[in-house]
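Beneath this line is the structure, given in structure tokens, with notes to follow.
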Amino acid sequence: MGSSLIRTFKSKKALIFEVTSDTKYIEVESIENRLQVERDLIWKKFLDVLNIKHIVIMDKESGLALLNYPVSAVDIEVELLSGFIQANIAFSETSKGLNTGSSSMNEYSFYELQYQKFNMLLKNGRFIRIVLILDHKASELMKIGVSQFLQGFEKQFEDPLTTYQYSGAFNSTNMNDFIIKSFDLDLVYPMTLAHAIPPGELEKIEANKIQNSILSLIKDTLKTKPFFYINSLLYKVKKIVDLELQIILHGIYKLLENKIITTKKVIKY
């Protein structure tokens, strides 16, 4: 899995969920409520991942694309996209014509606009502009994630970004991996089972009706092809256990956390 979606802390009276490292805390007083909060957050995160079709990292000043990361098979002409974005941002700076959104926790505003049939979410950092091409408008949780990404990316890769500003030479080593982890993009990649499941873990899974059903269906699927997708698995499991998709996804997520399910090797773009 990529970056952790939530963390929990114990207070004197309740468990506290930290949604991300720089945003709000959710306090819950029972295990039942804790599970519901956790399921809802994981479900929202999964919907956000499904919403992302393409990610572009641009130089903030020139608008030139530095990194182009397709998440789906959607064909995007990045040069045309860059020109479209630069024109709209220039227009917004002179006439306030572009729809922007802002948050009190963020230094910079979000830009949101339409491109062809897609929605776009843009945000500027010190050096770069991140562009997310989406099927639907971005959620508030996604905006929080984008703000986190910008802070972490520019801190992690400050040296190559600074070098680019002065020389025009750009080294993108490890940047794709950072993008994948930041947005949990591995949730939409092909998955497979770990080569070996420790006996203790297998006993826990077998004692859990949902996880056991998930594991059984995965094994059946892998008999005919070498991988599966979480989105397809969700609906197949639902036919067996007839539970809400949020509950099933939570079970899948736990198998991912425990490395029972692993990402199959992904083609590098």
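Label-to-label distance, Glu154 versus Leu47, with points set 7 angstrom from Cα along the beta-carbon direction: 3.0 nm. Each Lys and Arg Cβ is given +1 and each Asp and Glu Cβ -1; about its Cα centre, the stretch 51-187 then shows a dipole of about 300 debye. Here the simple spin-label model places points 7 Å from the Cα toward Cβ, and for Asn258 and His136 these points are separated by 3.1 nm. Cross-link pairs exceeding 27 Å in C-alpha to C-alpha distance, out of Lys44/Lys223; Lys60/Lys264; Lys204/Lys264; Lys123/Lys236; Lys53/Lys143, comprise Lys44/Lys223; Lys60/Lys264; Lys123/Lys236. Between Asp40 and Ser232, residue separation times 0.36 nm minus the direct Cα-Cα distance comes to 67.2 nm.
Between Ala196 and Thr224, the FRET efficiency estimated from the beta carbon spacing at R0 = 22 angstrom works out to 0.55. Here the extension length gained between Asn212 and Val78 equals 43.8 nm, from 0.36 nm per residue of separation less the Cα-Cα distance.
Using the Cβ of Ser232 as centre and a radius below 12 Å, the other residues enclosed give a net charge of +4, where K and R count +1 and D and E count -1. One decimal place: the segment Lys204-Lys181 gains 5.6 nm when fully extended, by the rule 0.36 nm per residue minus the C-alpha distance. Protection proxy ranking for 128-135, 62-69, using the average of other Cβ atoms within 10 Å per residue and placing the highest first: 128-135, 62-69.
The fewest-to-most ranking of Asp75, Asp177, Asp48 by surrounding Cβ atoms within 10 Å reads Asp75, Asp177, Asp48.
Just so you know, all these numbers are worked out from the coordinates, no wet-lab data involved. Given the structure is predicted, the values throughout are model-derived calculations rather than measurements. As a convention, Cβ positions derive from the backbone with ideal geometry for all residues, glycine included, and neighbour counts pool all protein chains shown.
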